[in-house]
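Q: Sending over a structure as structure tokens; questions will come in a sec.
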Amino acid sequence: MHWELSDEQELFTTSLREWLGERASSQAVRGWLGTGDSAAFERLFAGEGWAGVGFDEDLGGQGGGLLELALTARELGRAAAPSASWLQSAIVVPALGAEPALVQAVSESGEITALAVRADRIPAASPSVQRRADRLHGRVPCVLGAARSRRFLIPIADGEATSLWLVDGADGGVEIYPRSLLDRSRDVADVVLDNVAARRLEIDATAAVGEIATRAAVLVAADALGASERMLQLAVNYSKQRQQFGRPIGSFQAVKHAAAQMLVTVESSMSIVCYAAQSAEEGLPDHATHAAVAKAQVTGSAAELADSALTLHGAIGYTWEHDLHLFYKRAELDRVLFGTPAAWNERVADALPLLPVTA
């Protein structure tokens, strides 16, 4: 199956790619990575309206749905642009349905409400946070985008059920301890809660966390797709320029085969991501499984593609001066972000009747 974007979606993608080319060039990205401060880009991204795409117009957004968010994630990945805060804002929407003011703050000004879960696990209730009445205690390690979050959304296990609690990041009992990542275009930090006041959200928390996990799977897969596209472009361009034995290395059959396999990966990933996004947007019965397939297959394939791109570049691909490392690291983090391919494949296996039902 080959997924075709509508004319409007193509126009949006082209416009965002051009904007990122001007505002988030590799030189600009390197500057943000060097200083460790991506807030300037995030303010610009929100200020010019891009952060509102995928949010309802009634809530101050630009309209569109999960597919438009996936196209945004793809372009951010293609530019290796800072996106931790944007991704958090995009995935928590299902939990904020009864909090329109919070959604509006995200879509209009980019104010961040972060899901406080481990960034390397499928979103679920945190076993390290304890609740006493409306006070929370504990430590959540490796929370994506925590350093710039205005609020934290914390899933708590209440016996067999799950509840969601909202915490003000400005509370004196909240402490943030940043951690380093190999991919510096995203950031994580440990969130420590010491007798912090929290407000319970009166929603079906189990369903909300499930939908958050679905959105996280689709959007991280879309980010990996964008990084894969850029690595393919870099590898093909390099293979046309690099000479060996008096010929461009792109003329050698082994290089052609590697590039062709990379193209197959990119094209199939595009269809997988778009189908999963549209399935979730329409609420199809198997949309959670489609999202799990996208996360497992696309991010796993992107990491393999990154290795192929590095091989085609040779020694120069390892250097800081070449852009490849920006996307290589991006793809490697996407593979484990919000759960490894193995973890998501387990979800796929659990959802499918692999064995016939016996009487």
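Q: For region 202-221, how many residues meet the condition of being open to solvent by 10 Å² or more (accessible area, probe 1.4 Å) and over 14 Å from residue 70 (Cα atoms)?
A: Matching residues across region 202-221 total 8.
Q: Kindly provide the set of residues from region 4-40 that are among the small types (Gly, Ala, Ser) and in a helix (DSSP H, G or I), ordered by number.
A: As a first pass, look at region 4-40 and keep what is among the small types (Gly, Ala, Ser): 6, 15, 21, 24-26, 28, 31, 34, 36, 38-40.
The answer is 15, 21, 26, 28, 31, 34, 39, 40.
Q: When you go through (1) without any contact (Cβ under 8 Å) to a residue 60 or more places away in the chain; (2) of a type in the set (Gly, Ala, Ser); (3) in a loop (DSSP other than H, G, I, E, B) one by one for residue 81, which number turns out not to apply?
A: Residue 81 satisfies all of (1) without any contact (Cβ under 8 Å) to a residue 60 or more places away in the chain; (2) of a type in the set (Gly, Ala, Ser); (3) in a loop (DSSP other than H, G, I, E, B) except (1).
Q: Need pairs with beta-carbon distance below 8 Å; first residue in contact (Cβ under 8 Å) with a residue 60 or more places away in the chain and assigned to a helix (DSSP H, G or I) and within region 51-69, second among the polar types (S, T, N, Q) and surrounded by fewer than 22 Cβ atoms within 10 Å (Cβ to Cβ); sequence gap 6+ or separate chains.
A: 66/278; 67/9; 67/278
Q: So for region 112-134 (the condition being in a helix (DSSP H, G or I) and in contact with a Lys or Arg (Cβ under 8 Å, 6 or more places away or on another chain)), does at least one residue qualify? Before you say what the answer is, go through the steps one by one.
A: Kept after step one, since they are in a helix (DSSP H, G or I), are these residues of region 112-134: none.
Among the residues of region 112-134, not one is in a helix (DSSP H, G or I) and in contact with a Lys or Arg (Cβ under 8 Å, 6 or more places away or on another chain), which makes the answer no.
Q: Of all residues in region 150-200, which are in contact with a Gly (Cβ under 6 Å, 6 or more places away or on another chain), over 26 Å from residue 76 (Cβ atoms) and without any contact (Cβ under 8 Å) to a residue 60 or more places away in the chain?
A: 194, the sole residue that qualifies.
Q: Here's something else I'd like to know. Go through (1) part of a strand (DSSP E or B); (2) under 24 Å from residue 343 (Cβ atoms); (3) open to solvent by 10 Å² or more (accessible area, probe 1.4 Å) and name the single condition residue 86 misses.
A: Tallying (1) part of a strand (DSSP E or B); (2) under 24 Å from residue 343 (Cβ atoms); (3) open to solvent by 10 Å² or more (accessible area, probe 1.4 Å), residue 86 fails exactly one: (1).
Q: Shifting gears a bit: What number of residues in region 332-359 are modelled with pLDDT of 95 or more and outside any helix (DSSP H, G or I)?
A: 4
Q: Okay, moving on. Restricting to strands (runs of 3 or more DSSP E) lying wholly in region 145-201: which have 3 or more residues that are open to solvent by 20 Å² or more (accessible area, probe 1.4 Å) and either modelled with pLDDT of 95 or more or within 15 Å of residue 132 (Cβ to Cβ) (or both)?
A: On the way: elements: 151-158, 161-168, 174-179, 188-197.
Those strands (runs of 3 or more DSSP E) span 174-179, 188-197.
Q: For region 289-331, how many residues meet the condition of being in a helix (DSSP H, G or I), over 18 Å from residue 266 (Cβ atoms) and hydrophobic (A, V, I, L, M, F, W, C)?
A: 4
Q: Then there is this: Which of the residues that make up region 123-142 are touching a helix residue (DSSP H, G or I) at 6+ places or on another chain (Cβ under 9 Å) and modelled with pLDDT under 95?
A: Narrowing region 123-142 to residues touching a helix residue (DSSP H, G or I) at 6+ places or on another chain (Cβ under 9 Å): 123-125, 140.
Scanning region 123-142 gives 123, 124, 125.
Q: Which one is most open to solvent (accessible area, probe 1.4 Å), of the residues in region 30-46 that are touching a residue at least 40 places away in the same chain (Cβ under 8 Å) and of a type in the set (Gly, Ala, Ser)?
A: 36
Q: Given the residues 297, 243, which is the only one that is open to solvent by 50 Å² or more (accessible area, probe 1.4 Å), over 24 Å from the mean Cα position of the chain (by Cα) and of a type outside the set (Ser, Thr, Tyr)? Please lay out each step first, then the result.
A: Numbers: 297 fails: over 24 Å from the mean Cα position of the chain (by Cα).
Exactly one of 297, 243 is open to solvent by 50 Å² or more (accessible area, probe 1.4 Å), over 24 Å from the mean Cα position of the chain (by Cα) and of a type outside the set (Ser, Thr, Tyr), namely 243.
Q: Hey, another quick one. For region 281-292, give me each residue that is surrounded by fewer than 24 Cβ atoms within 10 Å (Cβ to Cβ) and in contact (Cβ under 8 Å) with a residue 24 or more places away in the chain.
A: 281, 286, 287, 288, 289
The values are calculated or read from the model by the stated rules, or taken from the named source; none is laboratory data. Here the structure is a predicted model, which is why all the values come from computation and not from measurement. Neighbour counts are summed over all protein chains in view; Cβ atoms, including those assigned to glycine, are modelled from backbone coordinates with ideal geometry. Surface accessibility is based on the protein's heavy atoms, side chains included, excluding ligands, DNA and RNA. Shrake-Rupley method; radii C 1.70, N 1.55, O 1.52, S 1.80 Å.
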